[in-house]
Amino acid sequence: MKFEKLVISCAVLVSIMWLSCSPIKNQKITPVDYVNPYIGNISHMLVPTYPTVHLPNSMMRVCPQRDDFTGNVLHGLPVFLSGHRGYNVFNISPYQGKENIYTHIVDYEYDNEIIKPYYYSVYLDNIATEIQFAPSCQSALYEMDFRGTDTPYLIINTYGGILRAVKNTVSGWQYIKGSKTKVYLHLEVEQSPEEIIPLGIPEEEKNTVLSAKNRSIVFRFAPDQRKVKVRYGVSFISEEQAKRNVDREIKSYDINVLLKEGRNTWNRALGKILVQSDLEKDKQVFYTSLYRFYERMICISEDGKYYSGFDGKVHNDEGIPFYNDDWLWDTYRAAHPLRVIIDSEKESYMVNSFVRMSEQMENCWMPTFPEVVGDTRRMNCNHGVATIIDCYEKGIRNFDLGKAYKACKGAITGKTLSPWSKAKAGKLDEFYKENGYFPALSSGEKETVPEVDSWEKRQPVAVTLGTVYDEWCLAKMAQKLGYNNDYEYFVKRSLNYRKIFNTQTRFFHPKDDKGEFVKPFDYSFSGGLGARDAYDENNGWIYRWDVSHNIKDLIKLMGGNKAFVQELERMYSTSLGRPKYEFYAMLPDHTGNVGQFSMGNEPSLHIPYLYNYAGEPWRTQKRIRNLLNQWFRPDVMGVPGDEDGGGMSAFVVFSQLGFYPVTPGLPMYVIGSPTFERASICLDNGKTFEIICHNYAPEHKYIQSVKLNGKSWEKSWFSHDELMQGGVLEFTMGKYPNKNWAVAESAFPPSFEMK
């Protein structure tokens, strides 16, 4: 309680400052008013974002059920989204007509749609019905205004489960597709129906009022009933718990109560960072990105208990809420580090949840893609270790580091490194252990190793580079625990990226099990679909820079500072080399291009900051500002690629503030180019870290000088401790670069530090 009061007090003080400097006088424009959930709903190839309605990090999430942003019809109304980019569990369909309706889900023509983080409304043309929706944490409320004159109905559908109806309530459960995890439902309608119709159920089952797979309960209301209100709760534990959830969170059928609560909840969350700018579009991009960041992970504790998809059991959370639904390959880079700064208590709950997940699985391995159905083990590598050590290095230590180390070490050494696999370590892993790199297939060689996915392939360079970074993180954990032998072993292995570095081309190059580089090889196009025979989703130009724990050594391999900068510039200057339709047919994730650079995928996020390590921070300032302006805009195509529920959005939040955590595991931030005249970060310790730009103008992207707490600052980075002490970071900005700021080697960001 003391902690909550501290955060609220800080947020109130900063809110007063923010409102006083708002360019729109006499209007209570708050952070949530800048959020536009439609930003990024369309992109070049993939679907970057979804217009999700939810409260921060809450279990209840919904988004419109249509084929895509431009979908011409809605397929019923959503009840519960099974996970980030998951599918809808249950469905409700209002209907009105002179004749009975005999369909499980109604398709609607629609218009006048409004989506806010805490609110959804839409007009259903073909049944003349206005819909309003508001969520709580584990429950929600629909208000349906039937504007026609025909008899109103409400259809509640399960895609694969059981429903029961008694009076004005429906309860039941449904499996999440492809799993043994159940979602339970308890739904109540304020207006009692005149008739309950178990749609599609055989005659002999009607007395049980039971619905099976893809069958429905239909409520028929009185012909003059023009408004229907529905409140419901969901649970992973039981139908009874679903009822407790809705009873706890929604006391009445007044949607305005939920709207007020939801708006305030979002403003408390978004108000932890408050910004001032002349450009409204920058604030829209910023707060929408921050809203995306809060989409995951979700708290699934329900009255002190939670269901775990990792062992299929219900557990007591012992006072530490359990969080789930995270794609660590996407979120370890920026999303988790951002939460360390503005919501450290919640981040500690998440780390504890990772440890619990590992204990609940058969082999006690740290998860990679934890979801409500369990660990789906997608993508490559085991980057949970990076999140663990980053938290520990930044002072979040209320978890068992020894248990976390055991789980991380087991995942890296006991589980196969083959992407998208849950198998134990096999032949390829033994080769990696002995030779220090994951072997590629030679040209024309067919796969024979059973744990390699036929679609995802070996991804040998991505696996090698990602795993040596994981081993560096593991070495740091071992050192903290006093496991000196493990430390020496893993820190040495963390340099094995050198084994696949081609000194002739200065690229990381796939190498076969005979120690030969695979040839012929094109760093732009070789590797098959998504470059998976060599890299993963991106080509060799992106993975060339994927040594985030030892940039200093990478610069040496490239030939020194000057050569390093030249090669960065060459990446941005090298054309796609093929028509776009051919390039994206091979590399659909490699979008947001500036030359061969891809702003649209997570492995690229740290690259624009690397100029700082070679003594030319002005180039980072130029590049970051240009990338933000080119690719992140307040429109439906304003996200350049697969945003992954907060992974890329956290990069935008950091970059607009003016710094970025290039190396999770090192408690420091690399300076970029702040975009706001003023920003205030309300820290969890009650202090405030302010960022002020003097000589501010939107086009002034270049740093002329810096002060930290009134003292001249000549380094292109600062530490996490300096951030958390609070204070003021002052930038003097200009239209043209100051090529003499932070150019001495002593100013370069740290790399490969082992304490």
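Please treat every number below as a calculation from the coordinates, not as lab data. If you're wondering where the values come from, they're calculated on a predicted model, not measured in any experiment. Every residue, glycine among them, receives a Cβ derived from its backbone with ideal geometry; neighbour counts consider all protein chains shown.
Name the lysines eligible as straight-distance cross-link partners of LYS735: C-alpha to C-alpha under 28 Å, and not fewer than 8 places from it in the same chain.
LYS281, LYS283, LYS562, LYS622, LYS701, LYS707, LYS711, LYS715
Say each of TYR736 and GLU699 gets a label point 7 Å from the Cα, pointing the same way as Cα to Cβ; how far apart are those two points in nm?
Placing both labels 7 Å along Cα→Cβ, they lie 1.4 nm apart.
Run the numbers on the stretch 423-536 and let me know its relative contact order in percent, using alpha-carbon pairs under 8 Å that are six or more apart.
33 percent
Apply the Karplus parameterisation 6.51 cos²θ - 1.76 cosθ + 1.60, with θ equal to phi minus 60°, to every residue of the stretch 476-483 and state each ³J(HN,Hα) to the nearest whole Hz, in sequence, with x for glycine and proline.
Each residue's phi maps through the Karplus curve to give 5, 5, 4, 5, 4, 8, x, 8 Hz.
Would you grab the residues whose amide H sits under 5 Å from the one on PHE90? Only those 5+ places off in sequence or on another chain, please, with H modelled 1.01 Å from N.
Amide H neighbours of PHE90, under 5 Å, 5+ apart: TYR159.
Residues with amide H under 5 Å of LYS227's amide H, sequence separation 5 or more or different chain, H placed in the peptide plane at 1.01 Å from N; which?
HN-HN under 5 Å from LYS227: PHE146.
Within 10 Å, count the other beta carbons around each residue, average over each peptide in 730-742, 673-685, 272-284, and list them highest first.
The peptides rank, most packed first, as 673-685, 272-284, 730-742.
Which ³J(HN,Hα) values, rounded to whole Hz and listed in residue order, are derived for the stretch 102-113 from phi using the Karplus coefficients 6.51, -1.76 and 1.60 in 6.51 cos²θ - 1.76 cosθ + 1.60 with θ = phi - 60°, glycine and proline given as x?
10, 9, 7, 9, 9, 8, 10, 6, 9, 7, 6, 6
As a test of understanding, state the convex hull volume per residue of the stretch 527-669 from its alpha carbons, in Å³.
So the per-residue Cα hull volume is 120 Å³.
Can you tell me the equivalent ellipsoid semi-axes for the stretch 423-536? Use √(5λ) from the Cα gyration tensor, largest first, whole Å. Don't skip to the end; give the middle numbers.
On the way: eigenvalues 142, 52, 28 Å².
Square roots of five times the eigenvalues give 27, 16, 12 Å.
How far is helix 255-270 tilted, in degrees, relative to the longest principal axis of the Cα atoms in the chain, given as a value from 0 to 90 rounded to the nearest 10?
Result, in degrees: 10.
Tally Lys/Arg at +1 and Asp/Glu at -1 over every other residue whose Cβ is under 13 Å from the Cβ of TRP266; what's the total?
Numbers: positive: LYS116, LYS260, ARG263, ARG268, LYS272, ARG292; negative: ASP33, GLU261, GLU295.
Overall, the nearby charge balance is +3.
Report the rotationally averaged projected area of the stretch 60-267 based on its alpha-carbon convex hull, in square nanometres.
11.3 nm²
Taking the beta-carbon count within 10 Å as an exposure proxy, list HIS720, HIS509, HIS336 from fewest neighbours to most.
If I rank by nearby Cβ atoms, fewest first, I get HIS720, HIS509, HIS336.
In nm, what is the difference between 0.36 nm times the number of residues separating GLN566 and THR169 and their Cα-Cα distance?
That works out to 136.2 nm of additional length.
Given the Cα-Cα distance of VAL257 and LYS711 and 0.36 nm per residue of separation, how much length would full extension add, in nm?
This chain segment gains 158.6 nm when fully extended.
Hey, which of these cross-link pairs are over 30 Å Cα-Cα: LYS409/LYS580; LYS406/LYS687; LYS177/LYS243?
Where the Cα-Cα span goes over 30 Å, the pairs concerned are LYS409/LYS580; LYS406/LYS687.
Provide, as a two-decimal number, the C-alpha radius of gyration of the stretch 115-190 over 2.2 N^0.38 Å, N being how many residues it has.
1.29
What ³J(HN,Hα) values, in whole Hz, does the Karplus curve 6.51 cos²θ - 1.76 cosθ + 1.60 give for the stretch 701-716 when θ = phi - 60°, with x put for Gly and Pro?
Per residue, the Karplus-derived 3J(HN,Hα) values read 8, 9, 7, 9, 7, 9, 10, 10, 6, x, 9, 4, 10, 10, 9, 8 Hz.
Normalising by the residue count of the stretch 301-415, find the relative contact order in percent from Cα pairs under 8 Å and 6+ residues apart.
29 percent
With the dipole of the chain worked out from charges on the C-beta (+1 for Lys and Arg, -1 for Asp and Glu) around the Cα centre, which of ASN695, TYR34, VAL62 lies farthest toward the positive end?
The Cα lying farthest towards the positive end belongs to ASN695.
Using only the alpha carbon atoms of the stretch 301-415, find the Kirkwood hydrodynamic radius as the inverse mean reciprocal pair distance, in angstroms to one decimal.
Over the stretch 301-415, the inverse of the mean reciprocal pair distance is 14.0 Å.
Measure of size requested: the Rg and Dmax of the chain, with Cα atoms as the atom set and Å as the unit; please supply both.
Cα only, the chain: 26.6, 85 Å (Rg, Dmax).
Return a whole-number percent for the relative contact order of the chain, with Cα pairs under 8 Å and 6 or more residues apart as the contact set.
Taking the mean separation of contacting Cα pairs over the length of the chain, I get 12 percent.
Quickly work out the MET45-to-ARG248 label distance, labels modelled 7 Å from Cα along the C-beta direction, and quote it in nm with one decimal.
4.3 nm
Taking 0.36 nm per intervening residue step and subtracting the Cα-Cα distance, what contour gain separates THR505 from SER121 on full extension?
Details: separation 384, 0.36 × 384 = 138.24 nm, distance 5.58 nm.
Length difference between fully extended and current span is 132.7 nm.
So what is the 222 nm mean residue ellipticity for the chain from helices alone, if each DSSP H run of at least 4 adds -39500 (n - 2.57) and you divide by all residues, rounding to the nearest 500 deg cm²/dmol?
-8500 deg cm²/dmol
Skipping prolines and chain starts, which residues have an amide H placed within reach, meaning under 5 Å, of the one on TRP420, given they are 5 or more residues away or on another chain?
Hits under the 5 Å cutoff: MET379.
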